[in-house]
Amino acid sequence: MKKIILIIIVLLSFTKVYAISTSSYIVYNMNTDEIIRGSSIHSPRLIASVSKIMTCIIAIENGNLDDVISINIDSLKVTGSSIYLSLNEKITLKDLLYGLMLRSGNDAAVAISNYISGSMEEFANLMNEYSKKIGMNDTHFYNSHGLELSNGLGNTSSPYDLAKLTQYAMKNSTFKEIFQTKRYVCKTNMKTYHWDNKNKLLKYDYITGGKTGYTLKAKRTLVTTALIHNQNIVIVTLNDANDFNDHNEIYKLLLDNYEYYKVLDKNNILKDLRELNIIDNYYIKDDYYLFIHKNDIDKISLEYHFISKDDGYILVLLDNQKIHKEKLYLNKEKISWFKKIWYTLFEKRFIWKDYKK
C-alpha cells in the first residue's frame with residue numbers, strides 16, 4: 001500500500017511537465033523497484049521486436065557464445081528485418097546476438113531458437129517459462145522474433161512486464177554489453193558484417209541500452225535504459241509514434257528535475273535522535289534514499305516511534321503519506337549500567353513516546 005501511495009504522489013508531480021504520445025508506457029527505477037510514471041502498465045499489447053530482449057538473455061544463459069552455428073533454410077524463410085544470413089553460413093552465437101539486438105535480425109532470431117531448443121515451438125515454451133520465473137504475468141510468447149503469426153496472434157506483454165524483463169536481463173554483464181553497443185563488426189566464413197545499432201538515443205552519454213520494435217499491427221515499440229543520478233532507469237513505450245523523442249524528453253526531465261535524495265543517514269541517525277532528546281544509542285542498518293522531484297523534497301517528514309526499549313522504528317512520510325518504515329536497533333553494548341538496571345526494574349512504568357521531525 002505504501003508503494004502505491006508513493007507512486008501516485010510521484011505521478012502527480014510528473015504528469016504536469018510532459019505529455020507522452022502513448023497511453024501504454026512505464027518509467028521504472030530498476031534500482032528501487034519504483035514506478036516513476038506509467039499508464040496501462042499491466043495491459044497486454046503486441047510488442048514486436050522488443051521480444052528479442054527475452055531471446056537474447058535466454059541464449060546467453062543457455063548457450064555457449066563461442067559455438068559456431070551453421071545457418072539452415074529455416075532462418076532464411078522468415079520475413080521482416082534481417083541481417084541477411086546465407087545458407088550454410090557459419091557464425092558464432094555471440095555474433096548472432098549482436099545481429100539480433102543491433103539490427104533486429106529475424107533470421108538471427110530463428111537461428112538462435114533452433115540452436116538453443118531445436119525448434120521455434122520449444123524455444124517459445126522456454127520463453128514463457130522464463131516469463132513465469134521473472135514474474136511477467138501479462139506476457140505470452142509465440143516466437144523469438146516478434147512477428148505476428150498468420151492467424152494474427154503475436155507476442156504480447158505489458159509495459160510493467162517488459163520493465164521487469166529488462167531489469168532481469170541487465171543484471172547479466174554480457175547482455176549489458178550487447179545492449180549498449182553502438183557499432184559491431186564480425187566476420188563469418190562468407191561475409192564481413194558492419195552493424196549500427198537502431199537505437200538512436202545511444203548518442204547520449206546517459207543512455208545505457210535499448211531495443212526497437214515495429215510491425216504493422218504492433219506499431220512502434222521501444223525499450224531504453226539510462227543511468228540518471230546513479231539510478232538505472234528503464235522506459236517502455238508500446239504503440240508510440242513519437243517514441244524516441246518521448247523517451248529522451250522524459251530522461252531530460254529526470255536529469256533536470258529529480259535527484260537521488262538521502263532521507264536517512266545511518267552515520268548521523270544518533271545525532272538526529274539526540275536533537276529530539278532521545279539519548280539512547282539507537283542505530284539503523286542502512287541509508288535510505290528516495291528518487292524524488294526536487295520540488296517535493298520539502299514535503300518529506302519523519303516520525304520516530306518507540307514501543308519499548310528494543311522496539312522502535314522511523315516512518316518516512318511524503319506529503320503526510322507513509323512511504324517507508326525503517327527499524328531502529330538499540331545498541332545494548334553502549335547502554336550504561338544505570339540504564340540497564342532502570343530498564344530491568346521500571347520498564348513497565350516507562351512511557352515511550354512518538355517524535356516528529
- Task: Would you check which residues across region 165-208 are among the hydrophobic types (A, V, I, L, M, F, W, C) and touching a residue at least 12 places away in the same chain (Cβ under 8 Å) and list them?
- Result: Leu165, Ala169, Met170, Phe175, Ile178, Phe179, Cys186, Met190, Trp195, Leu201, Leu202, Ile207
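For every residue, the table says whether it meets (1) surrounded by 19 or more Cβ atoms within 10 Å (Cβ to Cβ); (2) in contact with a Cys (Cβ under 7 Å, 6 or more places away or on another chain); (3) touching a residue at least 60 places away in the same chain (Cβ under 8 Å).
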{"position": "Ile53", "(1), (2), (3)": "yes, no, yes"}
{"position": "Ile58", "(1), (2), (3)": "yes, no, yes"}
{"position": "Asp74", "(1), (2), (3)": "no, no, no"}
{"position": "Thr79", "(1), (2), (3)": "no, no, yes"}
{"position": "Ser86", "(1), (2), (3)": "no, no, yes"}
{"position": "Gly105", "(1), (2), (3)": "yes, no, no"}
- Message: Taking the criterion of being at pLDDT below 95, surrounded by fewer than 22 Cβ atoms within 10 Å (Cβ to Cβ) and over 24 Å from Gly209 (Cβ atoms), would at least one residue in region 20-36 satisfy it?
- Response: yes
- Being out of contact with any helix residue (DSSP H, G or I) (no Cβ under 8 Å at 6 or more places or on another chain) and of a type in the set (Lys, Arg) is the filter here, so list the residues in region 184-218 that pass it. Lys187, Lys191, Lys203, Lys217
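The rows are residues; the columns are (1) assigned to a helix (DSSP H, G or I); (2) crowded, with 19+ Cβ neighbours inside 10 Å.
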| position | (1), (2) |
| --- | --- |
| Thr224 | no, yes |
| Thr237 | no, yes |
| Asp246 | yes, yes |
| Tyr251 | yes, yes |
| Lys262 | no, no |
- Those residues of region 142-157 which are farther than 25 Å from Asp196 by Cα and surrounded by fewer than 24 Cβ atoms within 10 Å (Cβ to Cβ) amount to Tyr142, Glu148, Leu149, Ser150, Asn151, Gly152, Leu153, Gly154, Thr156
- Note on the structure: Matching residues in region 223-262 (outside the structural domain of Thr32 (by TED's automatic domain parsing) and of a type in the set (Val, Ile, Thr)) number 1
- Query: Got a sec? Which helices (runs of 4 or more DSSP H) wholly within region 55-128 have at least 3 residues that are assigned by TED's automatic domain parsing to the domain that holds Lys198 and touching a helix residue (DSSP H, G or I) at 6+ places or on another chain (Cβ under 6 Å)?
  - Reply: 93-102, 106-117
- The correct count of residues that are farther than 24 Å from Asp67 by Cβ and surrounded by fewer than 18 Cβ atoms within 10 Å (Cβ to Cβ) in region 164-197 is 2
- Among the candidates Ile278, Ile292, residue that is hydrophobic (A, V, I, L, M, F, W, C), assigned to a loop (DSSP other than H, G, I, E, B) and modelled with pLDDT under 95: Ile278
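The values are calculated or read from the model by the stated rules, or taken from the named source; none is laboratory data. Predicted model only: the values in this text are computed from it and were never measured. Heads up, the Cβs are rebuilt from the backbone with ideal geometry, glycines too, and the neighbour counts pull from every protein chain shown.
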